[in-house]
Amino acid sequence: METKKVLLTEDEMPRQWYNILADIKMNPPLGPDGNPVTPDQLAPVFPMNLIEQEVSSDRWIDIPEEVLKVLSIWRPSPLIRAYSLEKALDTPAKIYYKYEGVSPPGSHKPNTAVPQAYYNKEFGIEKLTTETGAGQWGSALAFACSQFGLECKIFMVRISFDQKPYRKSLMAAWGGNCIPSPSNETKAGRDILEKDPDTPGSLGIAISEAVEAAVSDESGKTRYSLGSVLNHVMLHQTIIGLEAKKQLEKINEYPDVIIGCAGGGSNFAGIAFPFVHDKINGKDIDILPVEPTACPTMTRAPFAYDHGDTAGYTPLLPMHSLGHTFVPAPIHAGGLRYHGMAPTVSQLITEGIIEPKAVTQLAAYKAGVLCARTEGVVAAPETNHALACVIDEANKAKEEGKEKVILFNWSGHGLIDLTAYDKYLAGELTDFVLSEEEQAESTKILENYPKPEMVKST
Ligand SMILES: *Cc1c(COP(=O)(O)O)cnc(C)c1O
């Protein structure tokens, strides 16, 4: 029998994360005074041990033993060869995926939730606040907090709170306290409710509420946690790509193409950054982050300084951004509806080291259904965007008659996100493409901020 899965033992789990800041140059985040943010300015928001990680340029950072212990509940995750999909596409390409749906919450997100909870606990913090859209991140952080005995408070975008009961149930099962955002508990929330009592809410508003709730807690024992975008989040996710590299080595393979969907950029960074390191050192690899056409941050938005949240509480980050008040069309991939993109991923785009792609919602679900019927796994709506790009690349390999090795990240399963599959199968799902006018309107706000420099790393 041909090998379907490549597995690692727990002893083979990577003991260090890869930090891409050792290999690229970046514009600094800017504080309210227009100067680079200092660690002290971030101290009310994050614990100092995570702030140190955020700014570290050490190439390798040790993974604490207690973190490895919790990760070992589901890690190392399997590397799986998609034989049935290859056959259905009649492609000479070999397609491998790293399957992150095996974690307790069902996605890659606990890879960073666990170390974030650990470092906060180490620093003496007792409670974490965060935001969540569809609930993937909120459930991952609730899980991680339960492992380390921390309280967890989650501000969930109101429309999802009302429409998606099951992730709320997961958060409750892990002891998290989830409330709809905007809420009456913060000034940011009250201001918005006063203007628009029936607002559906947004991720940007929920971030503002969670940050405010953390910094205004007088006990000093509460901090905020973010599930994507920041450097330390990308760092924690590199365990995915480091494992994949070992797994491919075992079968004497090396990827020609690497693909991941990108909302804030973390699961893509997780699989891709260890190989970006190789590319910077001369390897020839196509590295493709994929986004929805409804929220075309990487393929169309400018590289600019912008806030990470709607109220403008966060520092200005150098990133591809559609503007921090942008509200994307209601596509079902909740995790891909963020206005910005990780500064590290954005920097690699500006340098041409990685090449972003955009796919439509219908192409994504078409790919998801084909993969469900061949590989058998029902993917998360976000993952479907990566699948559509994988199929494009496999078809290209067929046209060129090349036996390419494609590696992609299967970021999560879709078992708590089935409504959209029902709609797709009933022919009720539609495509959204952001219009030029809407984009011009939403990016106008960026004119208020300084422009990042075009720095070159290589
Ligand atoms: C949150 C999420 C994403 C998008 O977030 P990134 O930070 O870009 O990885 C992708 N897939 C799944 C399953 C998610 O839950």
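The values are calculated or read from the model by the stated rules, or taken from the named source; none is laboratory data. Just so it is clear, the model here is predicted, and its values are computed rather than measured. Positions of Cβ are generated from backbone atoms using ideal geometry, with glycine treated the same way; all protein chains shown enter the neighbour counts.
Scanning segment 379-425 for residues that are part of a strand (DSSP E or B) and within 18 Å of residue 266 (Cα to Cα) gives 379, 407, 408, 409, 410, 412, 413.
Which one is surrounded by the fewest Cβ atoms within 10 Å (Cβ to Cβ) among residues in segment 294-340 that are among the small types (Gly, Ala, Ser) and not in a loop (DSSP other than H, G, I, E, B)? Selected residue: 304. Taking the stated definitions as given, is residue 77 of a type outside the set (A, V, I, L, M) and out of contact with any strand residue (DSSP E or B) (no Cβ under 7 Å at 6 or more places or on another chain)? In short, no.
Only one of the listed residues (323, 308) is touching a helix residue (DSSP H, G or I) at 6+ places or on another chain (Cβ under 9 Å), touching a residue at least 60 places away in the same chain (Cβ under 8 Å) and at positive phi. That residue is 323. Count of segment 90-127 residues, restricted to those that are farther than 30 Å from residue 220 by Cα and either more than 16 Å from the ligand (Cβ to nearest atom) or in a helix (DSSP H, G or I) (or both), is 7. Beta carbons closer than 7 Å, at least 6 apart along the sequence or on distinct chains, pair a first residue in segment 340-358 that is touching a residue at least 60 places away in the same chain (Cβ under 8 Å) and more than 14 Å from residue 280 (Cα to Cα) with a second that is of a type in the set (Asp, Glu) and within 14 Å of the ligand (Cβ to nearest atom) for 356/291; 358/291.
Scan segment 374-408 for residues that are surrounded by fewer than 24 Cβ atoms within 10 Å (Cβ to Cβ) and closer than 13 Å to residue 258 by Cβ and jot them down. Within segment 374-408, 393, 404, 405 qualify.
Scanning segment 148-177 for residues that are modelled with pLDDT under 95, surrounded by 24 or more Cβ atoms within 10 Å (Cβ to Cβ) and outside any helix (DSSP H, G or I) yields one hit, 157. So in segment 426-450, with the set limited to residues that are part of a loop (DSSP other than H, G, I, E, B) and either of a type in the set (Gly, Ala, Ser) or within 16 Å of the ligand (Cβ to nearest atom) (or both), which one is nearest to residue 338 (Cα to Cα)? By that ranking, first place goes to 435.
Under the condition of being more than 25 Å from residue 77 (Cα to Cα) and in contact (Cβ under 8 Å) with a residue 60 or more places away in the chain, which residue from segment 409-422 is surrounded by the fewest Cβ atoms within 10 Å (Cβ to Cβ)? Residue satisfying both the conditions and the ranking: 419. Please state which one of 50, 79, 71 is at pLDDT 95 or above and more than 24 Å from residue 141 (Cα to Cα). When all the criteria are applied, what remains is 79.
Scanning segment 345-358 for residues that are surrounded by fewer than 23 Cβ atoms within 10 Å (Cβ to Cβ) and outside any loop (DSSP other than H, G, I, E, B) yields a count of 4. Of all residues in segment 379-408, those that are in the same structural domain as residue 362 (by TED's automatic domain parsing) and of a type in the set (S, T, N, Q) have Cβ atoms under 7 Å from Cβ atoms of residues that are within 16 Å of the ligand (Cβ to nearest atom) and in a helix (DSSP H, G or I), 6 or more apart or on another chain, in 384/364; 384/365; 384/367; 384/368. Here residue 397 does not fit the description of being among the aliphatic types (A, V, I, L, M), touching a His at 6+ places or on another chain (Cβ under 9 Å) and more than 12 Å from the ligand (Cβ to nearest atom).
If you go through segment 359-369 and keep only what is of a type outside the set (A, V, I, L, M, F, W, C), surrounded by fewer than 23 Cβ atoms within 10 Å (Cβ to Cβ) and either part of a helix (DSSP H, G or I) or not assigned by TED's automatic domain parsing to the domain that holds residue 268 (or both), you end up with just 366. Scan segment 50-74 for residues that are within 20 Å of the chain's Cα centre (by Cα) and among the basic types (Lys, Arg) and the total you get is 0. Within segment 227-282, restricting attention to residues that are of a type in the set (Phe, Trp, Tyr) and within 16 Å of the ligand (Cβ to nearest atom), the residue that is surrounded by the fewest Cβ atoms within 10 Å (Cβ to Cβ) is 273.
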